[in-house]
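Here is the structure we will look at.
No lab work stands behind these numbers, since they all come straight from the coordinates. Note that the coordinates shown come from a computational prediction; the quantities given were computed from them, not determined experimentally. Positions of Cβ are backbone-derived with ideal geometry, glycine not excepted, and every protein chain shown enters the neighbour counts.
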Amino acid sequence: MKLSILLHMLFSASVVSAETSKYVEGEVIVKFKAEKSVRSQDISALQNQFSVASARRLSGIGMQLWKVSGDTTKNVIEQLNKNNSIEYAEPNFLIKLETSQNYNGAKVNAIESWQNIENSKDTVIAVIDTGVDYTHTDLAANMWKNEGEIPNNSKDDDGNGYIDDVYGYDFHNNDGDPFDDNYHGTHIAGTITSVNPNAKVMALKFLDADGVGTLSNVINAINYAANMGAKVSNNS
């Protein structure tokens, strides 16, 4: 299944939506059919053909983010999708926070949730959003902390590929400070901890202050959450 379709399904019932008509020009997400069986020289040849300035691995399932030049993103994707070694290529779609969503009729089964609190004690919930105000008095005690990381020493202490990721990570700014500059993610975290005060919130920021982010950063955030032990993710 294409990542754009999966992300559209993931966000379709929330206030974050995949704007599949808008994307970052010059950026292409490439998924190989079987990366281990594709020769490195063949990948290099493709990258040279499409003037790939940089290629970054997005996950462990054969996806890369290519920055291309010399042709339009649309034309590059059309040509890549004809290549037998590629499962699909698609733009790096933009994803936008929709603040005008109507919540009438929304229902939270709070009683059932409270009854299951003891069974979900200290469950790590990744909030994939605009970040979280981890200094907020109502949230500070509920923040997940990466015990393998020493704060503010500009080192990747636990060797997971991310520097100073104590409370999570900011994929939009590519740094270890996922502080919320929009407040939507903080609101979501507050809702989660009000229903389950034992939950631990992992802050993963991919949306900017205006509530706009990219598909590639969502992939990175989901991959981070899974690798760092989050059992649940909130993508609203």
Starting from the 7 Å offset along Cα-to-Cβ, what nm value, one decimal, do you get for the label separation of A141 and A209? 3.2 nm
Can you pull the one-decimal nm distance between simple spin-label points at K67 and D157, each 7 Å off the Cα toward Cβ? 3.1 nm
Show me, for the stretch 39-56, the HN-Hα J-couplings you get by feeding each phi into the Karplus relation (A = 6.51, B = -1.76, C = 1.60, θ = phi - 60°), rounded to Hz, glycine and proline as x. 5, 4, 5, 5, 5, 4, 5, 5, 5, 5, 4, 9, 6, 6, 6, 7, 9, 10
Name the residues whose placed amide hydrogens come within less than 5 Å of the amide hydrogen of I86, ignoring near sequence neighbours (fewer than 5 apart) on the same chain. K33
Show me the ranking of peptides 27-34, 212-219, 141-148 by mean Cβ neighbours inside 10 Å, starting with the highest. 212-219, 27-34, 141-148
Modelled label-to-label distance, Y183 and D42, 7 Å Cα→beta-carbon offset: nm? 5.3 nm
Proxy exposure order for D165, D175, D210 (fewest C-beta within 10 Å first) is D210, D175, D165
Assuming 0.36 nm per residue, please report the length gained on full extension of the stretch R56 to N173 beyond their Cα-Cα distance. 40.6 nm
Only bridges with both residues in the stretch 110-234 count here: give the DSSP antiparallel percent, nearest 5. 5 percent
